[in-house]
Amino acid sequence: MRSTSPPGSFVLQQGDKITLTANPAQLDSLFRKLGIYRHKIHRVMVVGGGRIAYYLAKQLLKLGMSVKIIEKDAARCEQLSEALPKAQVILGDGSDRELLEEEDIDNMDALVAVTGMDEENIIISMYAGTLKLPKVVTKINRMSFQEILDSAGIESVISPKGITVNQIVRYVRAMQNSQGSNVETLHRIVGGRVEALEFSAGYCPGLTGIPLKDLRTRKNLLIACIIRGRQTIYPGGNDAIEEGDSVVVVTTEHQLKDLRDILEPA
C-alpha cells in the first residue's frame, strides 16, 4: 500500500484510508455531516496488569471512566487494587473467552490488550473485533504482526519498542539540526511508512514569513499544522511560518532533520 501526502488535485478512491488533522470541534462537525457516529468511551476493559496498564488505568480513571483490569498474577492484582482503588481488578486469564464473557466484554466501549505476549494480545483483540467493540487497542513488540492486525480490521496498535525508537530518532535528528529549527516530536504512522514531525521554527531566511503557496516544498510532504502561541492554524496557501511557531510536517520522506529540509534543494 502506497502512502502519500495529497496535493489539491488528489482524488479519493474507494478503499483509501485517510488521516485527518483538525481540532476536536471541526472533527465533530465533519463526522456529523458525514453521518458517522462517534461512540463516546465510558467503560474500558484492560487485559494485562503491567506498568502500561497501571498508568493507562490511572489516566482513564482521572477522566471519569469505568476501568476493569484483568490480570493473571495474584500478587500483581493485589498491588493494582491498592494503587487503583477505583478500578475493578479481576484475577484471571484475559485470553479465556468464558472469563471475558463473564466480565461483560460485550458491553464495553473499549478493550486494551497489553499483556506481555504479542500472541495473546492479538487473539484477545481479534475476539473483541468479532464483538464489534467500538475501540480495540493492541500492544505488540514485533511489528511483523502488524499485517495480521490490519487484515483483522484492528488499526489501533501501540509498540513500546517503536515508541522508544521514535524517541531515539527524534533525539538524533535534533542533534543534527542546523541553528534555524529543532525537531521537538516525531511519530511514525501507517506502519512506519509516514513520519509526523513537530519542528520549532527559528529565524529561517527563505522560509519564514513567506506564504506557503510561494514555497517550493518537497513532494510527498504536507504542512499539517502551525501552532502560534495559543492559536492553532491548519494552513492554506496564504498562511506563512513565522519565527517561534511550532510546525507539524507529515511526510513519506525519512530524511528531515531541520525545518529547512521541507524545501526543494536549490
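The values are calculated or read from the model by the stated rules, or taken from the named source; none is laboratory data. Computed from a predicted model, the values in this text were never measured in an experiment. Neighbour counts run over all protein chains shown; Cβ positions are idealised from the backbone, glycine included. SASA here: full protein model, heavy atoms, side chains in, ligands and nucleic acids out. Shrake-Rupley method; radii C 1.70, N 1.55, O 1.52, S 1.80 Å.
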Checking Lys33, Lys40 in turn, the sole residue that is of a type in the set (D, E, K, R), more than 21 Å from Lys139 (Cβ to Cβ) and in a loop (DSSP other than H, G, I, E, B) turns out to be Lys40
Log entry, pairs with first residue in region 69-83 being more than 20 Å from Asp104 (Cα to Cα), second being open to solvent by 60 Å² or more (accessible area, probe 1.4 Å), beta carbons closer than 7 Å, six or more apart or on different chains, reads Ala74/Leu91
Of (1) open to solvent by 30 Å² or more (accessible area, probe 1.4 Å); (2) among the hydrophobic types (A, V, I, L, M, F, W, C); (3) modelled with pLDDT of 85 or more; (4) under 27 Å from Glu119 (Cβ atoms), Met1 satisfies every one except (3)
Exactly one of Glu198, Glu242 is in a strand (DSSP E or B) and either without any contact (Cβ under 8 Å) to a residue 60 or more places away in the chain or under 24 Å from Thr19 (Cα atoms) (or both), and that one is Glu198
### Task
Determine whether Leu207 is under 26 Å from Phe10 (Cβ atoms), at pLDDT below 90 and touching a strand residue (DSSP E or B) at 6+ places or on another chain (Cβ under 8 Å).
no
Restricted to region 11-42 and to residues being surrounded by 12 or more Cβ atoms within 10 Å (Cβ to Cβ) and in contact with a helix residue (DSSP H, G or I) (Cβ under 9 Å, 6 or more places away or on another chain), the residue modelled with the highest pLDDT is Ile41
So, first residue part of a helix (DSSP H, G or I) and at pLDDT 95 or above in region 46-57, second residue among the aliphatic types (A, V, I, L, M) and open to solvent by 50 Å² or more (accessible area, probe 1.4 Å), Cβ within less than 7 Å, six or more apart or across chains; the pairs are Tyr54/Ala83
Exactly one of Ser181, Ser246 is modelled with pLDDT under 85 and hydroxyl-bearing (Ser, Thr, Tyr), and that residue is Ser181
